[in-house]
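The structure appears below as structure tokens.
Each value in this text was obtained by applying a stated rule to the coordinates, not by laboratory testing. Bear in mind that the values here come from a model prediction, so they are computed numbers and not experimental data. Backbone-built Cβ (ideal geometry, glycine too); neighbour counts: all protein chains shown.
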Amino acid sequence: MLTPTVRFLPDPATGRSSLIGSDAMVWTLNPTATAAVEVLAGGGSPADVYEQLAERWPQVSAGQLRDDINTLIRQLRDGGLLS
């Protein structure tokens, strides 16, 4: 789940989004990271993220998808954006 002070600003026109932390740092997310953060922002778990992205991009191997999701989640946690 996103920390309460984080603002999530998706841009439906581009599929990208921005995360704005309490320190006013802005993270710009690509469409894949945006899809993942939408699930997390809605209270979903990493397993929910995996399920959603696996359905959306079936051509990506399970191992690669898990690695990418774990990396994103670690980066968000390290940045104080995810609890």
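A few remarks follow.
- Look at the stretch 1-22: where a residue is free of Cβ contacts under 8 Å to residues at least 40 places away in the same chain and closer than 20 Å to S45 by Cα and a partner is of a type in the set (G, A, S) and exposed (fewer than 14 other Cβ atoms within 10 Å of the Cβ), sitting 6+ places away or on another chain with Cβ atoms under 8 Å, you get T5/S22.
- Top-ranked residue in the stretch 53-83 [being within 18 Å of L19 (Cβ to Cβ) and without any contact (Cβ under 8 Å) to a residue 24 or more places away in the chain; ranked as surrounded by the most Cβ atoms within 10 Å (Cβ to Cβ)]: L53
- Count of the stretch 19-49 residues, restricted to those that are polar (S, T, N, Q) and more than 24 Å from D67 (Cβ to Cβ), is 1.
- Unmet criterion (only one of (1) under 13 Å from the mean Cα position of the chain (by Cα); (2) polar (S, T, N, Q); (3) farther than 16 Å from P4 by Cα) for S18: (3)
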